[in-house]
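As structure tokens, the structure follows; a few thoughts come after it.
Each reported figure results from applying straightforward, stated rules to the coordinates on display, with no laboratory input. No experiment lies behind these values; they were computed from the predicted model shown. In this analysis, Cβ positions are derived from the backbone assuming ideal geometry, glycine residues included, and neighbour counts consider all displayed protein chains.
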Amino acid sequence: MSFSISGLPAEEFQPLFSLPDEELKAHGIIRKTAYVKPGFPCRITLEDAEPGETVLLLNYESHKTDSPYRSSYAIYIRENAGAPQTFTDELPPVFKGRPIALRIFDTDGNLIGADLDMTGDVSAKIERAFDNPDAAYIHAHNAMHGCFAAEIRRAS
């Protein structure tokens, strides 16, 4: 089963970078400087920020659904992210070498399955999840910290 993994739209976040730190703080957002790689996984480019890059740490509603599985958690975004990246039948750099939890949802936003990959090569588990015709999409999360990593869809 062919799959596609896409980053979040940059335009949703770019106005935040022009805000002063005090205003960001009022919205629960923290401006940081990446100091190690890996360690600051950007949810737009789906790659880790380089040391010295400015990132924002913010709460993001990753699962906007009217089901009990509505979800939000902290994510990083890079100031110079540019356009979101899309990966078809390959894993983005932020997945590699990290334990990844998969949450499998139906079209109503209800959880119908889950899986965990500790090896950093979760491709086979993504393909197996999409063998289920009821699987509409998958949300990948970093298994250790719990943050949303990316949405995975069947490739068209």
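Kindly indicate the residue of region 36-50 that is in a loop (DSSP other than H, G, I, E, B) and touching a residue at least 60 places away in the same chain (Cβ under 8 Å) and also surrounded by the fewest Cβ atoms within 10 Å (Cβ to Cβ) among those meeting that condition.
The selected residue is Pro38.
If Gly113 satisfies every condition in (1) part of a helix (DSSP H, G or I); (2) without any contact (Cβ under 8 Å) to a residue 24 or more places away in the chain; (3) not hydrophobic (A, V, I, L, M, F, W, C) but one, which is the exception?
(1)
Can you work out which of the residues in region 95-108 that are outside any loop (DSSP other than H, G, I, E, B) and among the β-branched types (Val, Ile, Thr) is surrounded by the most Cβ atoms within 10 Å (Cβ to Cβ)?
Within region 95-108, the match that is surrounded by the most Cβ atoms within 10 Å (Cβ to Cβ) is Ile100.
Restricted to region 136-155, and to residues that are touching a Ser or Thr at 6+ places or on another chain (Cβ under 8 Å) and either touching a residue at least 40 places away in the same chain (Cβ under 8 Å) or of a type in the set (S, T, N, Q) (or both), which residue is surrounded by the most Cβ atoms within 10 Å (Cβ to Cβ)?
Ala150
Of all residues in region 80-89, which are assigned to a loop (DSSP other than H, G, I, E, B) and surrounded by fewer than 16 Cβ atoms within 10 Å (Cβ to Cβ)? Walk me through it before giving the result.
Start the filter on region 80-89 by keeping residues that are assigned to a loop (DSSP other than H, G, I, E, B), which leaves 80-85, 89.
Correct list: Asn80, Gly82, Ala83, Asp89.
Can you say whether Ala81 is within 17 Å of Lys37 (Cβ to Cβ) and in contact with a helix residue (DSSP H, G or I) (Cβ under 6 Å, 6 or more places away or on another chain), as far as the supplied structure shows?
Yes.
Tell me, please, whether a residue that is among the acidic types (Asp, Glu), within 19 Å of Leu8 (Cβ to Cβ) and surrounded by 14 or more Cβ atoms within 10 Å (Cβ to Cβ) can be found in region 110-128.
No, because not a single residue in region 110-128 is among the acidic types (Asp, Glu), within 19 Å of Leu8 (Cβ to Cβ) and surrounded by 14 or more Cβ atoms within 10 Å (Cβ to Cβ).
Could you give every pair whose Cβ atoms fall below 6 Å, whose first residue belongs to region 14-35 and is touching a residue at least 12 places away in the same chain (Cβ under 8 Å), and whose second residue is acidic (Asp, Glu), counting only separations of at least 6 or pairs across chains?
Phe17/Glu79; Arg31/Asp21; Ala34/Glu53
Which is crowded, with 18+ Cβ neighbours inside 10 Å and assigned to a loop (DSSP other than H, G, I, E, B), of Pro133, Pro92, Pro68? Break it down into steps so the answer makes sense when it comes.
Working: Pro133 fails: crowded, with 18+ Cβ neighbours inside 10 Å; Pro68 fails: crowded, with 18+ Cβ neighbours inside 10 Å.
Exactly one residue qualifies, and that residue is Pro92.
Out of everything in region 51-65 that is of a type outside the set (Asp, Glu), assigned to a strand (DSSP E or B) and touching a Ser or Thr at 6+ places or on another chain (Cβ under 9 Å), what residue ends up being surrounded by the most Cβ atoms within 10 Å (Cβ to Cβ)?
Looking at residues that are of a type outside the set (Asp, Glu), assigned to a strand (DSSP E or B) and touching a Ser or Thr at 6+ places or on another chain (Cβ under 9 Å), I get Val55.
Would you check if there is a residue in region 14-25 being under 18 Å from the mean Cα position of the chain (by Cα), part of a loop (DSSP other than H, G, I, E, B) and not aromatic (Phe, Trp, Tyr)?
no
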